[in-house]
Amino acid sequence: MKINVIITGTTGMVGEGVLYECLEHPDIAAVLVINRKTCGVVHPKLKEIIHHNFFDITAIVPQLRGFHACYFCLGVSSLGMKEEIYRHFTYDLTLYMAGVIAEENPGMTFCYVSGAGTDTTGTSRRMWARIKGQTENALLQLPFKAVYNFRPAYIQPMRGSKNTHKFYYAFSWLYPLWRWAFRSYVCTLRELGRAMIVVTEKGYERSTLESGDIVRVLKS
């Protein structure tokens, strides 16, 4: 079956990589991206919606129907951010958009990019980990066909990516060593994007995928 996909966050590093994987994959028929500013990519499979208020997507709802998967790569850093603001742009925003998309596509697979160290028990002292965990828990309650929470640790970016953080340029040369020494905590951006497509097509035994699962699912 050919897959129609919605992707958010394609002006960030992870979303950009996932987008390129989807555009190159033969099983992906169409890709819709929703951005506040253009991602600058032109492709026969790709349609882009520029929409500035992600807390009210009522106007674009008719364009969100008929999709098999959503790869939700939209997110903000918690660095220097107060808890209520981070929660607003992480939990509130994700659940609002996911709720609208679920209502229009109840047979959809939803893949959420979370992060290593996320806490679903609500006991962590790290604010971002608790809120990410609450977001994961809430997504699992929505009427999707399946929800998968992706928790990558270190992600090796793609060459030529426009939205790669300077941190990765400084440390990416260590990737071969990290891959050998910390294989359960390292994946490539290409592997992350491909893993999303695989779980859409074949499913996975767990709803949470750590870095090791992201690599493992490609071998299944």
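Have a look at T94, T109, T120 and point out the one that is closer than 18 Å to F54 by Cα and in contact with a helix residue (DSSP H, G or I) (Cβ under 8 Å, 6 or more places away or on another chain).
T94
Taking the condition at pLDDT 95 or above and either surrounded by fewer than 17 Cβ atoms within 10 Å (Cβ to Cβ) or more than 25 Å from I3 (Cβ to Cβ) (or both), does R65 pass?
Against the criterion (at pLDDT 95 or above and either surrounded by fewer than 17 Cβ atoms within 10 Å (Cβ to Cβ) or more than 25 Å from I3 (Cβ to Cβ) (or both)), R65 qualifies.
Has region 27-41 got at least one residue that is open to solvent by 60 Å² or more (accessible area, probe 1.4 Å) and either hydrophobic (A, V, I, L, M, F, W, C) or part of a helix (DSSP H, G or I) (or both)? Write out each step before concluding.
Initially, region 27-41 is screened for residues open to solvent by 60 Å² or more (accessible area, probe 1.4 Å), giving 36-38.
Okay, now just the ones that are also either hydrophobic (A, V, I, L, M, F, W, C) or part of a helix (DSSP H, G or I) (or both), so none.
No: region 27-41 contains no residue that is open to solvent by 60 Å² or more (accessible area, probe 1.4 Å) and either hydrophobic (A, V, I, L, M, F, W, C) or part of a helix (DSSP H, G or I) (or both).
Could you grab me the full set of residues in region 211-220 that are more than 13 Å from the chain's Cα centre (by Cα) and either in contact (Cβ under 8 Å) with a residue 24 or more places away in the chain or not in a helix (DSSP H, G or I) (or both)?
S211, G212, V215, L218, K219, S220
Rundown of residues vs (1) within 18 Å of A102 (Cβ to Cβ); (2) in contact with a Leu (Cβ under 9 Å, 6 or more places away or on another chain); (3) free of Cβ contacts under 8 Å to residues at least 60 places away in the same chain, yes/no style:
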| position | (1), (2), (3) |
| --- | --- |
| E16 | no, yes, no |
| H25 | no, no, no |
| A29 | no, no, yes |
| T38 | no, no, yes |
| V41 | no, yes, yes |
| E48 | no, yes, yes |
| R65 | yes, no, yes |
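State yes or no: is I49 buried (at least 23 other Cβ atoms within 10 Å of the Cβ) and modelled with pLDDT of 95 or more? Show your work before the answer.
Details: buried (at least 23 other Cβ atoms within 10 Å of the Cβ): no; modelled with pLDDT of 95 or more: yes.
It is false that I49 is buried (at least 23 other Cβ atoms within 10 Å of the Cβ) and modelled with pLDDT of 95 or more.
With respect to L95, is the statement that it is surrounded by 12 or more Cβ atoms within 10 Å (Cβ to Cβ), in contact (Cβ under 8 Å) with a residue 40 or more places away in the chain and assigned to a loop (DSSP other than H, G, I, E, B) true?
So L95 does not fit the description; no.
Quick one: H88 ticks every box in (1) open to solvent by 60 Å² or more (accessible area, probe 1.4 Å); (2) within 16 Å of the chain's Cα centre (by Cα) except a single one, so which number is it?
With respect to (1) open to solvent by 60 Å² or more (accessible area, probe 1.4 Å); (2) within 16 Å of the chain's Cα centre (by Cα), H88 is out only on (2).
Just give me the residues in region 185-202 being closer than 16 Å to C70 by Cβ and touching a residue at least 24 places away in the same chain (Cβ under 8 Å), in sequence order.
L192, G193, A195, M196, I197, V199, T200, E201
Looking at G80, G9, G15 in this structure, which one is on the phi > 0 side of the Ramachandran plot, surrounded by 12 or more Cβ atoms within 10 Å (Cβ to Cβ) and not aliphatic (A, V, I, L, M)?
Just one listed residue meets the conditions, G9.
The values are calculated or read from the model by the stated rules, or taken from the named source; none is laboratory data. All of these numbers come straight from a predicted model, not from anything done at the bench. Here Cβ is always computed from backbone atoms with ideal geometry, including for glycine, and neighbour counts include all displayed protein chains. With ligands, DNA and RNA removed, areas are computed over all heavy atoms of the protein, side chains included. Shrake-Rupley method; radii C 1.70, N 1.55, O 1.52, S 1.80 Å.
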